[in-house]
Amino acid sequence: ANARLSLSALCLLLPAGAAAAHAVPARGRLGRLGRSRASPAMSSPDGAYVLPDSFDDGARQCGANILTALDAGVAKMRIDFDTSAGDITYTTLRNSLPIARTLMLMLAEKLCVEANGQPAGKLQMLMPDEGTAALVAREWAPPPTVHCASIARYRVPEDAVACIVVAPTSLDTGALDALLNSEPVMSGNVPVIVLNPQLVNMNTGALGLEGRQMLKRMASEFPDVFVLQTLPGAAITRKYPDKYAIWQEDPEAPGGFRFVRDDPKRPSAFAISEELYEDTETPGWLKELKSLINSLQRL
């Protein structure tokens, strides 16, 4: 088998044992890969930055960084685990379910059980709608230390240890704002982890006053604790509290990607694509993305 795997396709696969109802089909000729089919190490020359080589590797790094940030006192954080590489075949919510399930199991084990084995509380998994919350509660069979609910009209219970908000959209802005303004969250007693937010309507580019305020709040209050964002031929990563790392697909590099540079600020997908492929014709999707970014900057 070819040792060099396409990260964008590989990371879309569910880990072994995950519910088949939420599997994202593998693309191309890769098929379904096991845990042992890892690519060679993809790292910067000094070893400071490492690109995950599989779904399991990315999920492990993501969970570890969340726990590191919690130990450092970070009570609000953003996670971007986007391995679609610009493919819009599936919704952000659908693409987010595999990593959401994996994080649920990892964090419930670490946060919801005391050292003596007694329950410490419940991890709150908040979905954009009641249908998804009910489906997840049934298909995932979460442990007793996990509560699945819709973010709409949600109230933080007394036994909550943390909230994971999965793929909130522009329609969830009001509910997310209510959650952030609740006393348990404001006091820092209940951390909030926002996974793959998409607060701008990508179909219309619409962004109302409430949406603008939430974007500003996310930017100021929610550090990027873990980023794995794949683009056509490139990737952006970050592990809190390090800088962002930019990678470019390279058939000659170990694992198929080479480290380009780091950046203290998160670069946009368009900026990365222009930087890496400035000598090639701009694809149509990049032109549309640039138009959307320019429209948002005028707001």
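Taken over region 71-92, the criterion of being outside any loop (DSSP other than H, G, I, E, B), crowded, with 19+ Cβ neighbours inside 10 Å and either free of Cβ contacts under 8 Å to residues at least 24 places away in the same chain or of a type in the set (A, V, I, L, M) (or both) is satisfied by Met77, Ile79. Pairing residues of region 153-175 that are over 13 Å from Val185 (Cα atoms) and of a type in the set (Gly, Ala, Ser) with residues that are assigned to a strand (DSSP E or B) and open to solvent by 30 Å² or more (accessible area, probe 1.4 Å), at Cβ distances under 7 Å and at least 6 apart in sequence or on separate chains, gives Ala167/Gln198. Against the conditions (1) of a type in the set (A, V, I, L, M, F, W, C); (2) closer than 25 Å to Tyr244 by Cα; (3) in contact with a Cys (Cβ under 9 Å, 6 or more places away or on another chain); (4) surrounded by fewer than 18 Cβ atoms within 10 Å (Cβ to Cβ), Ala137 satisfies every one except (2). Being more than 22 Å from Arg60 (Cα to Cα) and modelled with pLDDT of 95 or more: is that true of Val260 here? Here the answer is yes, as Val260 does meet what is asked. Taken over region 244-257, the criterion of being modelled with pLDDT of 90 or more and outside any strand (DSSP E or B) is satisfied by Asp250, Pro251, Glu252, Ala253, Gly256. Looking at Ala108, is it of a type in the set (A, V, I, L, M, F, W, C), in a loop (DSSP other than H, G, I, E, B) and farther than 15 Å from Val194 by Cβ? No; evaluated as a whole, the condition is false for this residue. Check whether at least one residue in region 268-280 is of a type outside the set (Gly, Ala, Ser), open to solvent by 10 Å² or more (accessible area, probe 1.4 Å), at pLDDT 90 or above and not in a loop (DSSP other than H, G, I, E, B), and report yes or no. No, every residue in region 268-280 fails to be of a type outside the set (Gly, Ala, Ser), open to solvent by 10 Å² or more (accessible area, probe 1.4 Å), at pLDDT 90 or above and not in a loop (DSSP other than H, G, I, E, B). Go through (1) within 30 Å of Gly188 (Cβ to Cβ); (2) modelled with pLDDT under 95; (3) open to solvent by less than 50 Å² (accessible area, probe 1.4 Å) for Glu114 and report which single condition fails. If we test Glu114 against (1) within 30 Å of Gly188 (Cβ to Cβ); (2) modelled with pLDDT under 95; (3) open to solvent by less than 50 Å² (accessible area, probe 1.4 Å), just (3) comes out false.
The values are calculated or read from the model by the stated rules, or taken from the named source; none is laboratory data. If you're wondering where the values come from, they're calculated on a predicted model, not measured in any experiment. Virtual Cβ from ideal backbone geometry, glycine too; neighbours counted across all protein chains shown. Protein only, heavy atoms only, side chains kept; ligands, DNA and RNA dropped before computing areas. Shrake-Rupley method; radii C 1.70, N 1.55, O 1.52, S 1.80 Å.
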